[in-house]
Amino acid sequence: MAIQLIFCMETNKRADTDSIYITETINHWYQITNQVKISKVYMTTKSKYQAKTVLKEIAQKTKDFTIGYTKVIYCIDTDQYEKNMDHKKEFLNIHQYCNLPFRNCVPR
C-alpha cells in the first residue's frame, strides 16, 4: 500500500527554502520508493497551521490520493523557542493541535 506524506511548511512556494532541508533529512533516514508520494502545503507562516486555506489544500490532496493513506507533517521553525515566550506558546499550541483526535477537516 502506498503512502502520501504531506509536509506543511511555513515558507511560501516561491522561496521554498524548507524543502531543501526536509528532502535531505528524508533521504538520509529513509529510502523513498514509488510507493511514497511527497506533497507540500505552503502555509507562508506558522500561524496559518489551521487556516481554512491550508486545511482545504490538505483535504484536497488527501482526497486526490486514492491508492493508499495520507500522513500530514507540520514542519515548524523553533528558532528562539527557549528565549521567546510568544514563540514557545505558539509552538505549544501547534503541538497540541497536531495531537488532537482526528478532525473532520481532512477525510481519511
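Using the rule -39500 (n - 2.57) for each DSSP H run of four or more residues, divided by the residues of the chain, the 222 nm mean residue ellipticity is -11500 deg cm²/dmol. The mean accessible area for residues of the chain, using a 1.4 Å probe and ignoring ligands and nucleic acids, is 74 Å² per residue. All Cα-Cα distances of the chain, cut into 5 Å bins from zero to the largest, leave 2, 11, 20, 23, 21, 16, 5, 2, 1 percent in each bin in turn.
Using C-alpha pairs under 8 Å with a sequence gap of at least 6, the mean separation divided by the residue count of the chain gives a relative contact order of 37 percent.
Positive end of the dipole of the stretch 1-53 (Cβ unit charges, origin at the Cα centre): among ILE6, ILE22, SER47, the Cα lying farthest that way belongs to SER47. What GluC sites (Glu not before Pro) does the stretch 9-106 have in DSSP loop regions with at most 12 other beta carbons within 10 Å? Passing both the DSSP loop test and the Cβ count: GLU82. Take each peptide in 32-40, 58-66, count the other Cβ atoms within 10 Å of every residue, and average; sorted highest first, the result is 58-66, 32-40.
The values are calculated or read from the model by the stated rules, or taken from the named source; none is laboratory data. Note that the coordinates shown come from a computational prediction; the quantities given were computed from them, not determined experimentally. Glycine also receives a Cβ, built like all others from the backbone with ideal geometry; neighbour counts cover every protein chain displayed. Areas reflect the complete protein model, heavy atoms only, side chains present, ligands, DNA and RNA absent. Shrake-Rupley method; radii C 1.70, N 1.55, O 1.52, S 1.80 Å.
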